[in-house]
Amino acid sequence: DKRCSRMDARTREQLNEGIVHIYTTDLAFAALRPHGSVVTWGDPAHGGDSSTVADQLSSNVQAINSTSSAFAALRADGSVVTWGGAGGDSSHLRWQLACDVRRICATKSAFAAIKGDGSVLTWGHEASGGDSSGVEHLLLRDVAHVYAADAAFAAVNNDGKVITWGCASSGGDSSAVEQWLEEGIVSISSTGTAFAALTSRGSIVTWGHGPNGGDSTSVRRQLSHGVRHVFATRGAFAALKGDGSVVTWGSLSHGGSGDSLRVTTSHTRGVKTLPEDHSLGTIPVSVHEQLTGGVEHLASTTAAFVAIKRDGSLVAWGDGASGGDCRAAQAEIAGRRVQQVFASLHAFAALTDDACVVTWGNKDCGGDCGRVKSELSRDVEYVYSTWHAFAAVKKSGKVVAWGHPLHGGDDASVATLLSAASPQSRRARAGRP
């Protein structure tokens, strides 16, 4: 949609004054500027037009969250300003949202706000978490965190008890595992339709849509102890344990099996080829042995995982078109150590120890950086991402962008602004929070 690609002269002028952070819905952007004002552009129905609340966005905004089509801005005085599509109308909660809001979380179509007393307010599409009346008595106080899947929320109170609401089949109903969610929950991760809770004992409790990670019975024993962090794609989870091993479950095509890497050729050295999956036209290749230890960190796109090992090498699995096949990138890295990996919707970008960036995955999401490859071969300090593009900040302050030209991958229209960016605007992060 070309409506998302263009910004008027006034918007460009405002962005020239610096950007602290850029937030997105599916088809619009909201840029937070240094003095707390907000500039928006893109599809008006998805939050690109904020004219009706412009006065409230002129100063003191601290953070912004988004559904797929609406924004919610949190101001310094604890008030909330909303605009856009699903979740953009919070008028029925005007007075409750006028003060003391601390944090905001969002599903695809609804918002949840935590207030200073630990109470939770919800609005937006009722079936996607906007209606919390069924658990309202449990959300009146002492809620510490709220997590979101596509259409359901999961809250954790100060005692570590979990409260869920929203679409039942997407994680809004946790009654089947309620006895294990009464206390001691440290954090929660989500796929699109399932949740995984990490307990203080290092075990994992899952619920929601079984094929997308809600059912972890096949790896129950491995998840009973020693888990430190949980990562997720749209349909699978990966747990990083204290011994450096990785346990995966959920949709195979989304990285749910550490035994498989979806590639298009069976001539792969050092890995075991499994029977061809003719239904998808791909060949699964086992990387299971490479995930039994030595893993330091994981990152994920919508359908693939990548692990950074202690020796700085990479191991990827899941959908090859979404970054699940990193053989070409590993060859390009050629003995250098990967320090960090960044992800868009279907691609990865690795920053090496010699300040070089290497990419792989879907070209329309930044997996192909050929156009700016020479710029990324040295002096890169950090990388930011939207769903379809990346932007690298170099030591000189120059910003280099690549990916889909209509979604942030072409910085030609603002190149002069980016090359002269202030230190504060250079730290701007693009993408969903």
Next item on the list: Compute the label zone of H229 within region 157-171: residues whose backbone N is under 16 Å from the point 7 Å along Cα-to-Cβ.
Entry: none
Check: A76 to E136: FRET efficiency via 1/(1 + (r/R0)^6), r the Cβ-Cβ distance, R0 30 Å, to the nearest 0.05?
Finding: 0.60
Notebook entry, point to check: Kirkwood hydrodynamic radius of region 151-265 from all distinct Cα pairs, in Å?
Noted result: 13.9 Å
Next item on the list: Obtain the nm distance between the two label points defined at E178 and R337 by a simple spin-label model: each point lies 7 Å from its Cα along the Cα-to-C-beta direction.
Entry: 5.0 nm
Notebook entry, point to check: Over region 281-320, what percent of the accessible surface lies on carbon and sulfur atoms, probe 1.4 Å?
Noted result: 44 percent
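What pairs from K161/K309; K363/K394; K108/K161 go past 29 Å between their alpha carbons?
Over 29 Å apart, Cα to Cα: K161/K309.
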Check: Using a ≥ b ≥ c from the Cα gyration tensor of region 37-151 (square roots of the eigenvalues), is it rounded, prolate or oblate, where a/c under 1.5 gives rounded and otherwise the larger of a/b and b/c decides, a/b for prolate?
Finding: oblate
Next item on the list: Mind jotting down the three principal axis lengths of region 325-414 based on Cα atoms? Whole angstrom, largest first.
Entry: 37, 31, 18
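The values are calculated or read from the model by the stated rules, or taken from the named source; none is laboratory data. In this text, all values refer to a predicted model and were calculated from it rather than measured experimentally. Please note: Cβ atoms are built from the backbone with ideal geometry, for glycine as well, and neighbour counts cover all protein chains shown. Please note that ligands, DNA and RNA were not included when accessible areas were found on the heavy atoms of the full protein model with its side chains. Shrake-Rupley method; radii C 1.70, N 1.55, O 1.52, S 1.80 Å.
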